[in-house]
Amino acid sequence: MNSHCPELPIDRHLDQLRATLRAHNCLIVEAPPGTGKTTRAAPAIVSLVPDDSRAKRVLLIQPRRIAARAAAARIAAEQNCDVGDLVGYQVRFDSRVSSKTRLIAMTPGILLRQLQSNAVLEDVAAVVLDEFHERSLELDLLLGMLRRIQTELRPDLRLVVMSATLDSQAVEQYLVQAPILKVVAQTYPVRVEYNPVHAIAAGGRTKMNPVRRIIDQAIDGTRRAAAAHEGDILVFLPGVGEIFQVEAALERDAAKENWKLLKLYGDMLPQDQDRVLAPCSDRKVILATNVAETSLTIDGVRVVVDSGWARVQRFDPSIGLNMLVLQPISRASADQRAGRAGRTAPGICYRLWDEITGRSRPEHLEPEIQRVDLAGAILELLCWGETEILKFPWITPPTKASVSQALETLRLLGAVDAGKVTALGRTMNRLPVQPRLARMMIAGHQLQIPMAATLAAASLSERDIFDRSLRSQPQRFSDVESHSSECDVTRQVIALQNFITHGQVECELGTIKIAAARNCLRVAEQLHRQLMELLGASSDVAMHTKLQQAMLVAFPDRVAKRRSASNPRGLMVGGRGVQLDGSSCVQKSELFLCLDVDAAGIEAHVRKASAIEADWLNESLLVQRDERFFNPTQLAVVTRRRTYFIDLLLAETPIETRPDEETAQQLAAAAATRFDRLLPPKDKALHSWLARVKWLAREMPDAPLPKFDVASLTDIISGWCFGMRSLEELKQLPWKNLLESLLTSEGRRLLDSQAPESVTLPTGRTVLLHYELAKPPVLAARIQDFFGWTETPRLAGGRIPLVLHLLAPNGRVQQITEDLASFWANTYFVVRKELRGRYPKNDWPENPLLFTKGK
């Protein structure tokens with residue numbers, strides 16, 4: 001090691017680290033940021049490996065490209081060598097490795113690719129998984145694969161799991177009581193200040209867009225921090241879009257105060273990354289995503305301004321996509337960010353949220369395996385030879401539902417058949433992109449548009465290259481381009497092609513952001529090169545609609561159909577409603593692909609789409625079925641010959657409905673929910689009888705009476721429906737006779753005695769009772785008709801008293817009671833006095849119980 005290297009906290013633990021790895025093949029290192037674990041632990045492991053060993057390389061796995069390059073550069077400097085000599089790195093589309101390289105910093109994706117061709121890592125002595133607390137899907141996948149290699153084939157392979165904040169107990173149990181090496185950081189105190197007000201005033205508006213609020217708070221917080229404190233400032237923002245907006249707002253401040261305003265995010269060019277990490281005489285204000293949270297050391301930072309937000313990948317099963325969701329960071333992440341201000345001196349962290357709200361944040365973000373699409377990981381495992389995904393040694397097992405969803409996606413892409421990987425699936429897995437994009441590139445190669453396909457893949461996988469706030473007037477497409485005018489991705493590809501050939505930055509989509517476009521083109525160039533190496537050279541022909549066809553192959557489950565002509569709303573495979581963004585150029589096509597979707601809300605919002613033609617659809621995914629169902633408009637059972645793409649209805653034709661048992665069953669089920677509408681509306685006696693039966697069946701559930709609920713009605717009616725198709729036909733049945741025939745003799749006796757149609761009053765009048773389900777029956781008659789009755793009649797085995805509506809001579813309700821005896825004893829005299837005055841010609845005896853018929 002370079003003698004001028006500063007001593008770091010981990011240095012005094014390196015002898016223990018080496019001794020532990022001589023005795024064990026697994027080790028857990030728990031060390032906060034700033035302790036030197038990334039740059040010092042891996043070189044110490046290299047010193048354990050003999051020079052003549054066949055397995056002599058040590059792999060240092062970093063979750064991000066920027067961190068892998070930075071770690072390699074720092075270690076090489078400390079080892080007095082050039083990057084690519086004893087120390088190197090391998091990241092996506094960039095490699096500095098030679099035959100002499102013993103220590104390689106790389107991203108998880110690179111090692112996953114190597115495991116496909118070097119399944120047991122014959123030339124590797126040790127693998128160090130750094131920043132494991134981030135629990136990315138790739139890190140979890142690697143841990144399981146390495147552990148399987150270690151336990152079944154190579155017990156000599158050393159495995160080290162390192163993290164700043166780690167659930168050591170869970171990892172220790174997974175690694176079967178692996179020893180833990182804990183390193184304490186030499187950190188300085190960091191004072192934390194919370195925002196006393198949750199949101200900046202919105203200029204009189206009642207609501208502010210969440211992203212706008214985050215941006216405004218970050219601008220205000222940075223200015224306040226710069227005015228109050230010395231030292232470099234690190235500002236954490238959710239994503240690249242917010243970084244550029246905050247940068248634009250602070251440019252005048254930077255010029256006035258002589259700041260060096262810098263950006264830091266994942267897909268930066270190496271030289272731009274070096275500018276951020278390099279020492280600087282000016283004050284640095286660094287606008288960063290969470291890439292700066294743990295993976296990088298930035299000297300000179302004394303102040304942290306934390307927006308408290310991040311964009312997190314989450315899988316939305318309703319549309320089959322990983323979506324970047326804006327959400328508050330966890331408390332562990334907030335502590336990591338704050339710690340960046342206390343590396344070499346006391347610091348301060350401004351948290352742009354209030355302290356009370358902060359307590360409700362989760363302690364940790366759940367592992368990525370619990371929230372993202374697993375299709376890429378499962379394809380990796382299948383190609384590696386794993387046959388039972390759920391039995392793979394996951395540290396956190398995925399759910400059966402998420403595995404099934406991923407396997408179905410792979411089946412639709414042709415990568416898997418009957419649970420086994422296909423030749424196409426193996427080819428897809430050799431391309432360093434997600435399975436869908438790999439499938440699109442392969443289809444593009446087959447259609448002789450490989451460059452357009454790789455440009456589209458880069459455009460869909462990298463950040464947006466357009467500043468849409470500066471959108472120009474719509475440009476005219478050439479005749480060749482007009483064939484593809486109803487495809488948002490094709491227009492992006494055309495804009496990139498025009499940028500390449502003519503340097504054109506203004507287009508109908510907005511102004512091209514040059515740095516983002518160059519990064520996208522660099523990715524596309526590398527993908528094109530790998531595609532050609534894998535499948536052979538292919539000449540490019542005119543794009544026309546071929547790119548749209550290639551995208552359809554890759555996104556078959558994202559086909560949508562408009563609800564009506566020119567309607568921006570549609571229905572997608574899977575049944576999710578979608579709505580096209582007003583800026584989409586897909587205006588007319590009945591069928592379209594949903595390529596960039598915001599799943600929030602009742603209807604998914606489609607930001608990018610592509611028109612497609614019905615005759616492009618994969619015939620193996622088209623299904624024709626004759627379906628019988630009850631049509632609520634026609635009030636009849638009908639049959640349609642329907643054509644589906646997966647489960648999306650494309651077309652239907654009416655065909656004859658057979659009057660068989662299935663039709664009778666469907667008609668009966670529909671009739672049961674509309675039963676009262678089947679009966680003759682003017683037949684009051686039938687409706688009264690039915691109300692009595694329903695009431696008594698509920699009040700005496702053990703009585704031998706039909707229930708007439710939906711389930712029992714369906715069974716009853718189905719036998720009467722045979723040969724019929726419509727409710728109109730069903731209405732013609734002799735309902736009174738049919739329904740009364742359902743009662744046994746015992747049922748009829750019970751109905752007449754316990755739920756009679758009428759009662760005879762002391763005056764000799766017979767009065768109908770009114771029955772209503774779940775309520776006592778009502779008997780309404782003049783008060784004089786009740787003279788002579790001492791008690792209220794009771795029904796349903798004596799349990800339910802009648803509700804008596806006592807009417808005045810004019811027919812209006814004078815009193816309602818269930819206790820006639822109490823009425824005579826307590827209330828009648830008051831009522832008698834009132835009614836005698838109003839109706840003097842009527843007889844109002846002092847004792848109504850002495851009434852006898854005929855008097």
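Numerical summary
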read-out: Strands (runs of 3 or more DSSP E) contained in the stretch 773-852 and holding at least 2 residues open to solvent by 20 Å² or more (accessible area, probe 1.4 Å) and farther than 30 Å from residue 747 by Cα; value: 813-817
read-out: Single residue of 71, 77 found to be over 26 Å from residue 334 (Cα atoms) and either over 34 Å from the mean Cα position of the chain (by Cα) or of a type in the set (A, V, I, L, M) (or both); value: 77
read-out: Residue ID - least open to solvent (accessible area, probe 1.4 Å), chosen from residues in the stretch 420-443 that are in contact (Cβ under 8 Å) with a residue 24 or more places away in the chain and more than 23 Å from residue 593 (Cβ to Cβ); value: 429
read-out: Members of the stretch 607-630 that are assigned to a helix (DSSP H, G or I) and open to solvent by 50 Å² or more (accessible area, probe 1.4 Å); value: 614, 615, 616, 619, 620
read-out: Residue within the stretch 303-318 that is in contact with a helix residue (DSSP H, G or I) (Cβ under 7 Å, 6 or more places away or on another chain), farther than 30 Å from residue 600 by Cα and either touching a residue at least 60 places away in the same chain (Cβ under 8 Å) or not hydroxyl-bearing (Ser, Thr, Tyr) (or both) present; value: yes
read-out: Residue match in the stretch 261-274 (condition: at pLDDT 95 or above, aromatic (Phe, Trp, Tyr), open to solvent by less than 30 Å² (accessible area, probe 1.4 Å) and not in a helix (DSSP H, G or I)); value: no
read-out: Residue in the stretch 122-135 that is surrounded by fewer than 19 Cβ atoms within 10 Å (Cβ to Cβ) and hydrophobic (A, V, I, L, M, F, W, C) present; value: no
read-out: Positions within the stretch 348-399 being part of a helix (DSSP H, G or I) and over 27 Å from residue 432 (Cβ atoms), in sequence order; value: 355, 356, 357, 358, 359, 391
read-out: First in the stretch 526-540 and among the acidic types (Asp, Glu), second anywhere and part of a helix (DSSP H, G or I), Cβ under 8 Å, 6 or more apart; value: 540/450; 540/451; 540/452
read-out: Selection count where residues are of a type outside the set (Gly, Ala, Ser), touching a strand residue (DSSP E or B) at 6+ places or on another chain (Cβ under 6 Å) and either part of a helix (DSSP H, G or I) or open to solvent by 20 Å² or more (accessible area, probe 1.4 Å) (or both), scope the stretch 18-49; value: 7
read-out: Residue ID - surrounded by the fewest Cβ atoms within 10 Å (Cβ to Cβ), chosen from residues in the stretch 50-69 that are of a type in the set (A, V, I, L, M), in contact with a helix residue (DSSP H, G or I) (Cβ under 7 Å, 6 or more places away or on another chain) and modelled with pLDDT of 90 or more; value: 59
read-out: Filter result (aliphatic (A, V, I, L, M), in a loop (DSSP other than H, G, I, E, B) and more than 27 Å from residue 728 (Cα to Cα)) within the stretch 631-660; value: 646
read-out: Filter result (among the basic types (Lys, Arg) and modelled with pLDDT under 95) within the stretch 403-429; value: 420
read-out: Residues that are aliphatic (A, V, I, L, M) and buried (at least 19 other Cβ atoms within 10 Å of the Cβ), drawn from the stretch 636-668; value: 636, 637, 638, 648, 664, 667, 668
read-out: Pairs, first within 19 Å of residue 333 (Cα to Cα) in the stretch 226-255, second of a type in the set (Asp, Glu) and at pLDDT below 95, C-beta under 8 Å, six or more apart; value: 236/293
read-out: Number of the exception - residue 252 against (1) at pLDDT 90 or above; (2) buried (at least 16 other Cβ atoms within 10 Å of the Cβ); value: (2)
read-out: Residue list for the stretch 36-58, restricted to those being out of contact with any Leu (no Cβ under 6 Å at 6 or more places or on another chain) and either polar (S, T, N, Q) or under 22 Å from residue 172 (Cα atoms) (or both); value: 37, 38, 39, 41, 45, 47, 53
read-out: Residue under evaluation residue 315, criteria (1) open to solvent by 20 Å² or more (accessible area, probe 1.4 Å); (2) under 25 Å from residue 192 (Cα atoms); (3) within 28 Å of the chain's Cα centre (by Cα), criterion not met; value: (2)
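The values are calculated or read from the model by the stated rules, or taken from the named source; none is laboratory data. Since the structure is predicted, the reported quantities are computational estimates derived from the model, not experimental observations. Every residue, glycine as well, gets a Cβ built from its backbone with ideal geometry; the counts of neighbours run over all protein chains shown. When the accessible area is computed, the model is the full protein with side chains, heavy atoms only, and any ligands, DNA or RNA have been set aside. Shrake-Rupley method; radii C 1.70, N 1.55, O 1.52, S 1.80 Å.
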